[in-house]
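Student: Quick one: the structure is below, and I'll ask about it shortly.
The values are calculated or read from the model by the stated rules, or taken from the named source; none is laboratory data. Bear in mind the structure is a predicted one, so any value in this text is a computation, not a measurement. So basically every Cβ, Gly included, is an ideal-geometry build from the backbone, and we count neighbours across all protein chains shown. Areas reflect the complete protein model, heavy atoms only, side chains present, ligands, DNA and RNA absent. Shrake-Rupley method; radii C 1.70, N 1.55, O 1.52, S 1.80 Å.
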Amino acid sequence: MIRIHFIFSFLVGLSLLACQTEKKKLPIYGNREAEEKVVDGKTIVDTIYHTIPNYEFLNQDSVIITNKVFENKIYISNFFFTHCPTICPTMQRNLLKFYEKYKGDPRIAFLSHSIDFKYDSPSVLKSYANKLGVDSEQWQFVTGDKASIYKMADNYFVYAKEDKNVPGGYDHQGYLVLVDHDKRIRAAYDGTDDEQVQLLFNDVETLLKEYE
Amino acid sequence: MPSFKLSTSLFAILGLVIAFSNCQSKESVEKAQYVANGRKLFATHCQNCHGADGKGLGKLYPPLDDTLFYKEHQDKLACYIKYGIDTTIHVHGIAYNSKMPENPTLTPIDIAYLITYITTEFGNSETKVSVDDVNKQLENCQ
């Protein structure tokens, strides 16, 4: 009897060990829907996840970019404006840490959307990027018309709104949103909070490992 | 009673030493209070752009550790904090032309706390900036 107990607990222990060695995966954010599909004559249920839809924005070099720019890359996205007096400098200072860590790494890119569609023209964005110390296409700074930029913020689950009553004229959240190869959101952290930024560093590594 | 005399004078000397050191520590305690108050104000009003470590951000926002800048502009620091800067300035020889916003809500004592904190923490200053200094500077802002 004792022997059986021993074997049983050994097996349980072994299975726990197996769980631990399994690769850690990041969650997939957003609503999901079940879709029935017919594959090889059989009906299967597929899960449709929330994804970032296609877009066309003008970047700091006055070139129209689409989501093709980030094909086979993961990227970190955020929303800011160049003369933002509140959270943006801290958020961009933190995103710059990622840019500097992964500079030249083709597996990862960065995308900052300006929510100040009136002032932040491509040349303003270019000057801002240069002063920040960004001189490559790996970090895109984009502008677009009000409706499409604000709609895009919704797609990243980031709050952004024009508001005359806040300093700078725009109210928005400072999230850094991590997007995978399939345009699905895999992590989102407050880009103004050092502890949360550290968690994002870990998650970026975890997500990169999914594609190894 | 020579021994009594000796001990009295020893006490007197000890008393003087304590009084003197108290004097000094009162000064340094006051400065420490200015630095502590300045640190809080810095976190609210300055840190976003200039960073908690005072290193600024690229060429967008200048670092706060240029002691030469402080020396050359020591009578204008209060004006910069209160009314902002909209001209190009040079810090460590690098030009910065982003507009610094004004801080109209800061009182002269707040500004004294801030300058004391910033010049102590990032500029190795050993002196405290008083409200009188700040008021004098504010009278001459251009």
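Student: Considering only the stretch B:35-53, I want to know if a residue exists there that is more than 13 Å from chain A (Cβ to nearest Cβ), exposed (fewer than 13 other Cβ atoms within 10 Å of the Cβ) and under 28 Å from A:Gly133 (Cβ atoms).
Tutor: No: the stretch B:35-53 contains no residue that is more than 13 Å from chain A (Cβ to nearest Cβ), exposed (fewer than 13 other Cβ atoms within 10 Å of the Cβ) and under 28 Å from A:Gly133 (Cβ atoms).
Student: Looking at (1) over 30 Å from A:Val134 (Cβ atoms); (2) touching a residue at least 40 places away in the same chain (Cβ under 8 Å); (3) open to solvent by less than 50 Å² (accessible area, probe 1.4 Å), which one does B:Ser130 not meet, given that it meets all the others?
Tutor: Condition (2) is where B:Ser130 drops out.
Student: Which condition does A:Lys146 not pass, out of (1) away from every other protein chain (no Cβ under 14 Å); (2) within 20 Å of the chain's Cα centre (by Cα); (3) charged (D, E, K, R), if it passes all the others?
Tutor: (2)
Student: Right, something else. Can you name the residue in the stretch A:88-98 that is within 7 Å of chain B (Cβ to nearest Cβ) and open to solvent by 10 Å² or more (accessible area, probe 1.4 Å) and, of all such residues, is farthest from B:Cys46 (Cα to Cα)?
Tutor: A:Arg93
Student: Any chance the stretch B:62-81 includes a residue that's assigned to a loop (DSSP other than H, G, I, E, B), within 12 Å of another protein chain (Cβ to nearest Cβ) and out of contact with any Asp or Glu (no Cβ under 7 Å at 6 or more places or on another chain)? Before you say what the answer is, go through the steps one by one.
Tutor: Taking the stretch B:62-81 and keeping what is assigned to a loop (DSSP other than H, G, I, E, B), we get B:62-66, B:73-76.
Retained after the next criterion (residues that are within 12 Å of another protein chain (Cβ to nearest Cβ)): B:62.
If we keep only those that are out of contact with any Asp or Glu (no Cβ under 7 Å at 6 or more places or on another chain) too, we end up with B:62.
Yes, the stretch B:62-81 contains at least one residue that is assigned to a loop (DSSP other than H, G, I, E, B), within 12 Å of another protein chain (Cβ to nearest Cβ) and out of contact with any Asp or Glu (no Cβ under 7 Å at 6 or more places or on another chain).
Student: What's the number of the condition A:Leu176 fails, among (1) more than 16 Å from the chain's Cα centre (by Cα); (2) more than 14 Å from chain B (Cβ to nearest Cβ)?
Tutor: Checking A:Leu176 against (1) more than 16 Å from the chain's Cα centre (by Cα); (2) more than 14 Å from chain B (Cβ to nearest Cβ), the one that fails is (1).
Student: Separate question: From the list A:Asp135, A:Asp194, A:Asp120, which residue is open to solvent by less than 40 Å² (accessible area, probe 1.4 Å), closer than 21 Å to A:Thr90 by Cα and within 14 Å of chain B (Cβ to nearest Cβ)? Before you say what the answer is, go through the steps one by one.
Tutor: Numbers: A:Asp135 fails: open to solvent by less than 40 Å² (accessible area, probe 1.4 Å); A:Asp194 fails: open to solvent by less than 40 Å² (accessible area, probe 1.4 Å).
Unique residue meeting the criteria: A:Asp120.
Student: Every residue in the stretch A:104-117 that is surrounded by 14 or more Cβ atoms within 10 Å (Cβ to Cβ) and either within 21 Å of the chain's Cα centre (by Cα) or within 14 Å of chain B (Cβ to nearest Cβ) (or both), please. Steps first, answer last, please.
Tutor: First, the residues of the stretch A:104-117 that are surrounded by 14 or more Cβ atoms within 10 Å (Cβ to Cβ): A:107-117.
Residues satisfying the conditions are A:Arg107, A:Ile108, A:Ala109, A:Phe110, A:Leu111, A:Ser112, A:His113, A:Ser114, A:Ile115, A:Asp116.
Student: OK, next. Does the stretch A:56-67 hold any residues that are of a type outside the set (Val, Ile, Thr) and at pLDDT 95 or above, and which are they? Full working, then the answer.
Tutor: Taking the stretch A:56-67 and keeping what is of a type outside the set (Val, Ile, Thr), we get A:56-62, A:67.
A:Glu56, A:Phe57, A:Leu58, A:Asn59, A:Gln60, A:Asp61, A:Ser62, listed by residue number.
Student: Something else about it: If B:Ala112 meets every condition in (1) in contact with a Gly (Cβ under 9 Å, 6 or more places away or on another chain); (2) under 20 Å from B:Cys49 (Cβ atoms) apart from one, which number is that one?
Tutor: Result: B:Ala112 fails condition (2) only.
Student: At pLDDT below 95, under 23 Å from A:Asp180 (Cα atoms) and either under 18 Å from the mean Cα position of the chain (by Cα) or open to solvent by 70 Å² or more (accessible area, probe 1.4 Å) (or both), is that true of A:Asn78? Break it down into steps so the answer makes sense when it comes.
Tutor: Values: at pLDDT below 95: no; under 23 Å from A:Asp180 (Cα atoms): yes; either under 18 Å from the mean Cα position of the chain (by Cα) or open to solvent by 70 Å² or more (accessible area, probe 1.4 Å) (or both): yes.
In short, no.
Student: Conditions: (1) modelled with pLDDT of 95 or more; (2) touching a Lys or Arg at 6+ places or on another chain (Cβ under 9 Å); (3) surrounded by fewer than 17 Cβ atoms within 10 Å (Cβ to Cβ). A:Glu162 meets all but one. Number of the miss?
Tutor: If we test A:Glu162 against (1) modelled with pLDDT of 95 or more; (2) touching a Lys or Arg at 6+ places or on another chain (Cβ under 9 Å); (3) surrounded by fewer than 17 Cβ atoms within 10 Å (Cβ to Cβ), just (1) comes out false.
Student: Can you find a residue in the stretch A:52-62 that is of a type in the set (A, V, I, L, M, F, W, C) and within 14 Å of chain B (Cβ to nearest Cβ)?
Tutor: Residues of the stretch A:52-62 of a type in the set (A, V, I, L, M, F, W, C): A:52, A:57-58.
Narrowing further to those that are within 14 Å of chain B (Cβ to nearest Cβ): none.
The answer is no; no qualifying residue exists.
Student: Moving on to the next point. Considering only residues that are crowded, with 17+ Cβ neighbours inside 10 Å and either farther than 17 Å from B:Lys99 by Cα or of a type in the set (A, V, I, L, M) (or both), which ones fall in the stretch B:54-70?
Tutor: Within the stretch B:54-70, B:Gly54, B:Leu57, B:Leu60, B:Leu64, B:Asp65, B:Asp66, B:Phe69, B:Tyr70 meet the criteria.
Student: Residues that are within 14 Å of another protein chain (Cβ to nearest Cβ) and assigned to a strand (DSSP E or B): does the stretch A:32-43 have at least one?
Tutor: Step one: of the stretch A:32-43, the residues within 14 Å of another protein chain (Cβ to nearest Cβ) are none.
No: zero hits.
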